[in-house]
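Accompanying notes for the structure given below.
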Amino acid sequence: MTAKNLDEIVALAKRRGFIFQSGEIYGGLQGVYDYGPLGVELKNNLKAAWWQSNVYERDDMVGLDTAILSHRAVFQYSGHEDTFADMMVDCRECKHRWRVDHLKNGKCEHCGSDNLTEPRAFNMMFKTRMGPVEDQDVFAYLRPETAQGIFTQFKNIVDATSMKLPFGVAQIGKAFRNEITPRNFIFRVREFEQMEIEFFVKPGEDDTWHEKWVEWRYEWWKQQGLSETRLKLLTQPTEELAHYAKKTVDILYEYPHGFEELEGIANRTDYDLGSHTRSQSDFNLSAKVKPNTDSTAKLAILDLQSNKFIVPYVIEPSAGVDRGVLAVLNEAYTEEVLGEGKSRVVLKLKPHLAPVKVAVVPLARNNPAIVEKAQEIRKILQRLGLGRISYEDTGNIGKSYRRHDEIGTPLCITVDFDTVTEGPQYHTVTLRDRDTMQQTRLPIEQLSAYVREVLF
Ligand code: ATP
């Protein structure tokens, strides 16, 4: 089961502290969201899972964290200054602005009028003033993708690490796009995060690596709990390809508003490294690369077989963190009928993504022995390094279970009179499973091993 509509997710996200509208107390900033106490945990867990599988578990990958503020030349040579634009129209009646490819039947979505302006290109990059002088020409871009940081540091990375082809560089970070019509909650926003890989390969081997990455990335999203029935692969039609791409396969997820892009896996060829390279004539570059006079670098690598410097091709799996969070929330959202007119909302998140891993609940909050034991158990579990363990002291066990169902806590541990009673048959706690709601008793000394097992 998933959420019935986006509103259910938006309401839960606010009620429980996953995601808030940014600047809400001033009426909100359109297309910008803040992650609350639980949202930051979920988002960090998703990013950590990505880093684990794409960096730590592979010998052919390294990580990077480059700056958001970007030199203008980077986005001139990358082609973004000329081509990173959406075609947009204005409604002459109500003044709303729309992306041409988002219009239905050529009519304004706000007032229904077809009195629209001719389409115009609208560049989506944010500019910001840099330095003390108010000068039109002195500005930096807020990067619209994290990728360029990887390309422009290519030489430094190769020199510092001695990586050999094929190898990849991974980066997670913020990107900014002045979307004309931000919409669908955190799906299309103006400030978002990307998880990007630039995987460098020998020209000629790019098609095979592209296929491999599509498969790996698809499998990874399944491991995050997304069901195959709501995932789809779409090869982009040639006329829709980005200016740098030879081929792009998108992974689409069925959001409450329909199937839309969660991740794109592009074959960017030698376009970017070539475009940032001076002395391009030294290399046999593809036709899309433009002459460069500003760069001081040769972003090439020694090919050990031919003993010549080559500009590698690059395969780029680029995923949106926020779109991932929304997909995971949608997939996990479950409403269950319990009988006798009762129901519950439960977030069936994969345990590694759950914002709270375990809730420790003392059955009686004014019994010092129970409270002390519960706090001790909480401390021991917290030290296992699995993530957040929460101490749930509301005094109302039913309410605690409901809250933890709604935020997706996989396990509640209740400390009661039997836990603190001396005797061989005691010293046990009650474990309550989020999904089955089944309760079992377990001796305290087995608790750490059990928690480790179920949370991994
Ligand atoms: P779209 O066609 O939906 O505008 P795109 O094809 O422009 O997306 P890419 O340039 O391929 O997107 O960016 C890579 C990833 O970054 C996307 O798959 C998406 O997950 C994420 N992303 C891009 N734009 C946004 C945005 N405005 N808000 C949230 N995530 C975004």
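Of all residues in the range 82-106, which are among the small types (G, A, S) and in a strand (DSSP E or B)?
If the condition is that a residue be among the small types (G, A, S) and in a strand (DSSP E or B), then A85 is the only one that fits.
Need at least 1 residues that are surrounded by fewer than 19 Cβ atoms within 10 Å (Cβ to Cβ) per element, so show me which strands (runs of 3 or more DSSP E) inside the range 355-435 make the cut, counting only ones lying wholly within it. Give the steps one after another, and end with the answer.
Values: elements: 358-362, 389-391, 411-415, 428-433.
By residue number, 389-391, 428-433.
Determine, yes or no, whether V328 is surrounded by 24 or more Cβ atoms within 10 Å (Cβ to Cβ), farther than 30 Å from D82 by Cβ, at pLDDT 90 or above and within 16 Å of the ligand (Cβ to nearest atom).
The answer is yes for V328.
Does E211 count as within 16 Å of the ligand (Cβ to nearest atom) and either part of a loop (DSSP other than H, G, I, E, B) or over 30 Å from K95 (Cβ atoms) (or both)?
Numbers: within 16 Å of the ligand (Cβ to nearest atom): no; either part of a loop (DSSP other than H, G, I, E, B) or over 30 Å from K95 (Cβ atoms) (or both): yes.
Considered against the rule, which asks whether it is within 16 Å of the ligand (Cβ to nearest atom) and either part of a loop (DSSP other than H, G, I, E, B) or over 30 Å from K95 (Cβ atoms) (or both), E211 comes out as no.
Results for (1) away from the ligand (no atom under 15 Å from the Cβ); (2) among the polar types (S, T, N, Q); (3) in contact with a Lys or Arg (Cβ under 9 Å, 6 or more places away or on another chain), shown as yes or no for each residue.
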position: R15; (1), (2), (3): yes, no, no
position: Q30; (1), (2), (3): no, yes, yes
position: E57; (1), (2), (3): yes, no, no
position: H71; (1), (2), (3): yes, no, no
position: R92; (1), (2), (3): yes, no, no
position: H96; (1), (2), (3): yes, no, no
position: H102; (1), (2), (3): no, no, yes
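Which of the following residues is over 16 Å from the mean Cα position of the chain (by Cα), within 30 Å of W98 (Cβ to Cβ) and within 14 Å of the ligand (Cβ to nearest atom): R188, R183?
Sole residue among the options that is over 16 Å from the mean Cα position of the chain (by Cα), within 30 Å of W98 (Cβ to Cβ) and within 14 Å of the ligand (Cβ to nearest atom): R183.
Looking at the range 258-280, which of the residues that are touching a residue at least 40 places away in the same chain (Cβ under 8 Å) and within 12 Å of the ligand (Cβ to nearest atom) is surrounded by the fewest Cβ atoms within 10 Å (Cβ to Cβ)?
E260
If I ask for residues that are among the hydroxyl-bearing types (S, T, Y) and either without any contact (Cβ under 8 Å) to a residue 60 or more places away in the chain or within 13 Å of the ligand (Cβ to nearest atom) (or both), which ones from the range 224-257 would you list?
Passing the criteria: T229, T235, T238, Y244, T248, Y253, Y255.
Condition check: in contact with a strand residue (DSSP E or B) (Cβ under 6 Å, 6 or more places away or on another chain) and either touching a residue at least 12 places away in the same chain (Cβ under 8 Å) or among the hydroxyl-bearing types (S, T, Y) (or both). Does T436 satisfy that?
no
So for the range 112-133 (the condition being at pLDDT 95 or above, touching a helix residue (DSSP H, G or I) at 6+ places or on another chain (Cβ under 9 Å) and away from the ligand (no atom under 13 Å from the Cβ)), does at least one residue qualify?
No, the range 112-133 contains no residue that is at pLDDT 95 or above, touching a helix residue (DSSP H, G or I) at 6+ places or on another chain (Cβ under 9 Å) and away from the ligand (no atom under 13 Å from the Cβ).
Is it the case that L363 is at pLDDT below 95, touching a strand residue (DSSP E or B) at 6+ places or on another chain (Cβ under 8 Å) and closer than 30 Å to L381 by Cα? Give the steps one after another, and end with the answer.
Values: at pLDDT below 95: yes; touching a strand residue (DSSP E or B) at 6+ places or on another chain (Cβ under 8 Å): yes; closer than 30 Å to L381 by Cα: yes.
So L363 passes the test.
Take E93 and decide whether it is charged (D, E, K, R), surrounded by 11 or more Cβ atoms within 10 Å (Cβ to Cβ) and not assigned by TED's automatic domain parsing to the domain that holds V74.
Yes: the conditions hold for E93.
Given (1) out of contact with any strand residue (DSSP E or B) (no Cβ under 6 Å at 6 or more places or on another chain); (2) surrounded by fewer than 21 Cβ atoms within 10 Å (Cβ to Cβ); (3) more than 30 Å from L42 (Cβ to Cβ); (4) at pLDDT 95 or above, identify the lone condition not met by F151.
(2)
Does any residue of the range 76-90 turn out to be in contact with a strand residue (DSSP E or B) (Cβ under 9 Å, 6 or more places away or on another chain), surrounded by fewer than 16 Cβ atoms within 10 Å (Cβ to Cβ) and more than 22 Å from H276 (Cα to Cα)?
yes
Pick from G79, G173, G168: which is over 30 Å from K43 (Cα atoms), assigned by TED's automatic domain parsing to the domain that holds D34 and either touching a Pro at 6+ places or on another chain (Cβ under 7 Å) or in contact (Cβ under 8 Å) with a residue 40 or more places away in the chain (or both)?
On the way: G173 fails: over 30 Å from K43 (Cα atoms); G168 fails: over 30 Å from K43 (Cα atoms).
Answer to the selection: G79.
Could you tell me whether the range 303-316 includes any residue that is in a loop (DSSP other than H, G, I, E, B), within 16 Å of the ligand (Cβ to nearest atom) and on the phi < 0 side of the Ramachandran plot? Full working, then the answer.
Let us first name the residues in the range 303-316 that are in a loop (DSSP other than H, G, I, E, B), namely 304-307, 311-312.
Now restrict to residues that are within 16 Å of the ligand (Cβ to nearest atom): none.
No: the range 303-316 contains no residue that is in a loop (DSSP other than H, G, I, E, B), within 16 Å of the ligand (Cβ to nearest atom) and on the phi < 0 side of the Ramachandran plot.
The values are calculated or read from the model by the stated rules, or taken from the named source; none is laboratory data. Note that the coordinates shown come from a computational prediction; the quantities given were computed from them, not determined experimentally. FYI the Cβ positions are ideal-geometry reconstructions off the backbone, even for glycines, and counts take in every protein chain you see.
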